[in-house]
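Inspection log for the structure reproduced underneath, given as structure tokens.
Just so you know, all these numbers are worked out from the coordinates, no wet-lab data involved. Everything numeric here is computed off the predicted structure, so don't read it as measured data. Glycine also receives a Cβ, built like all others from the backbone with ideal geometry; neighbour counts cover every protein chain displayed.
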Amino acid sequence: MRNKHNKRSKKAGLAPGSLIHIGEAYADKSKVSVIRYAETSFSERTISSIEDLRSQKDKQGITWINIDGLQDVNLLEEIGNMFGLHPLVLEDILNTDQRPKMEDYCNYIYIVLRNYTSQGNGDLQSEQVSIVLGKNFVLSFREKGSSLFDTIEKRLRADKGRIRKSGADYLVHSIIDNIVDNYFIVLENLEEKIEFLEDDLVRQTTTATLQEIHILKRELILLRKSLWPLREAISSLERSDSSLISEATGIYFKDIFDHVIAIIDTVETFRDMLSGMLDIYLSSVSYRLNEVMKVLTIIATIFMPLTFLAGVYGMNFKFMPELEWRWAYFGVLGIMLAIALLMIFYFKKKKWF
């Protein structure tokens, strides 16, 4: 497997030994789409060859090149050479286990994000989104095709908002803002699952409930691992003195930063709730066990004197005068019954059950 990764690294112009992760679900060929826009113009097309892409590169306006799928290493290498991307940037794009970050390479800014979505079955899915911001171009790389950028493309087509009136930095803001908004959708789904879990926990405690708590905790840990680096990346964009980010757009990055802080607070709240639910589960299980043990202890305590009497009169001694009495058997049974009733009455008075 390592030799396979090294061959791909060499093909992409990367250092030998670099780890490149290619998802098994990818198609055989990457999909490249190009959107070019200005305040009064808009065009979009799908690129079928690298020559088509070169012909689109130097045209006027803002160029947004989106690549869905990272399996075509030769294509990514050509795009990297065309826009002057550092080999380490190409390596980070292909290695989809990157933590969110922002790196300023003077001529362009490289940004890595993780996009999270909730599937129909409730499972949390994630993909790496890499963004390169240049003077008049934006490159976006996704692990697989999805509807992530549909709303942005619709805004560009319909000329809604200020996106076509602004530069490439505002397009990057829109992409990041769209990804951050997905976090809110994921959190809403998690909140709904936590509420259902709380109701189940109140009604009864089962091992399935415990498993669901642990699944949710793992998902929150996964989100948290992405959110804290994302916070630092957005903060770096907000405070960046790069000429690629205008002062007007920096204000919008501050708004995204505030959203990320709110998401982090919500995740921490959910983690505390799940920790509390785990404590409630363990306490409920312990309480049920204590109730069972209390009942068994009371039963054993009631039968202790009865067992003693039965043991005494079960001894095989010859000279036991009570054995000759006419009503001895019924008398012993009555005494045993009286002792049991007195003990039950005493336990009730003490509110032991």
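Of the residues Leu274, Leu341, Leu289, which exhibits the maximal mean-square fluctuation in a Gaussian network model of the chain defined by a 10 Å Cα contact cut-off?
Among Leu274, Leu341, Leu289, the largest mean-square fluctuation in the Gaussian network model of the chain belongs to Leu341.
For the chain, modelled as a GNM with alpha-carbon contacts under 10 angstrom, which of Pro305, Pro229, Pro321 fluctuates the most?
Result: Pro321 has the largest fluctuation of those listed.
Which whole-number percent is the relative contact order of segment 173-273 (Cα, under 8 Å, 6+ apart)?
40 percent
Given Cα pairs under 8 Å that are at least 6 residues apart, what percent is the relative contact order of the chain?
RCO, the chain: 13 percent.
Using R₀ = 35 Å, calculate the FRET efficiency as 1/(1 + (r/R₀)^6) where r is the Cβ-Cβ separation of Asp97 and Arg54; round to 0.05.
0.65
Length gain on complete extension for the stretch Asp255 to Ala338, per 0.36 nm per residue less the alpha carbon to alpha carbon distance?
That works out to 22.1 nm of additional length.
Starting from the Cα gyration tensor of the chain, take the square roots of the eigenvalues, sort them a ≥ b ≥ c, and report rounded, prolate or oblate (rounded when a/c is under 1.5, otherwise prolate if a/b is larger than b/c, else oblate).
It is prolate, given that a/c is not under 1.5 and a/b is the larger ratio.
Looking only at Ser146, Ser235, Ser246, which one moves most when the chain is put into a Gaussian network model with springs between Cα atoms under 10 Å?
Result for the chain, Cα springs under 10 Å: Ser146 fluctuates most.
What do you get for the angle between helix 328-349 and the principal long axis of the chain? Use alpha-carbon atoms, 0 to 90 degrees, nearest ten.
Compared with the principal axis, the helix lies near 40 degrees.
Counting only Cα atoms, I'd like the Rg/Rh figure for segment 292-349, Kirkwood definition for Rh.
My calculation puts Rg/Rh at 1.09.
Taking the alpha-carbon set of segment 210-320, what are its Rg and Dmax in Å?
31.9, 113
Projected onto the charge dipole of the chain (+1 at Lys/Arg Cβ, -1 at Asp/Glu Cβ, origin at the Cα centre), which of Ser236, Leu323, Ile35 gives the Cα projection farthest towards the positive end?
Result: Leu323, furthest along the dipole toward the positive end.
About its Cα centre, what dipole magnitude does the chain give when the only charges are +1 on Lys and Arg Cβ and -1 on Asp and Glu Cβ, stated in debye to the nearest 20?
For the chain, the charge dipole is close to 860 debye.
Any chance you could run the full-extension gain for Glu153 through Ser275? It's 0.36 nm times the residue separation minus the Cα-Cα distance, nm to one decimal.
Difference between extended and current length: 39.8 nm.
Suppose the chain between Leu282 and Glu78 were pulled fully straight at 0.36 nm per residue; how much longer would it get relative to their current alpha carbon spacing?
Answer, rounded to one decimal: 67.7 nm.
So who's got an amide H within less than 5 Å of the one on Arg114, skipping anything under 5 residues away but keeping other chains? H placed 1.01 Å off N, in plane.
The answer is Val129.
If R0 is 51 Å, what FRET efficiency do you get for Phe319 and Leu210 from their C-beta distance, rounded to 0.05?
0.25
Which entries in Lys101/Lys154; Lys193/Lys254; Lys217/Lys254; Lys101/Lys225; Lys101/Lys254 show an alpha-carbon gap greater than 22 Å?
Violating the 22 Å limit, Cα to Cα: Lys101/Lys154; Lys193/Lys254; Lys217/Lys254.
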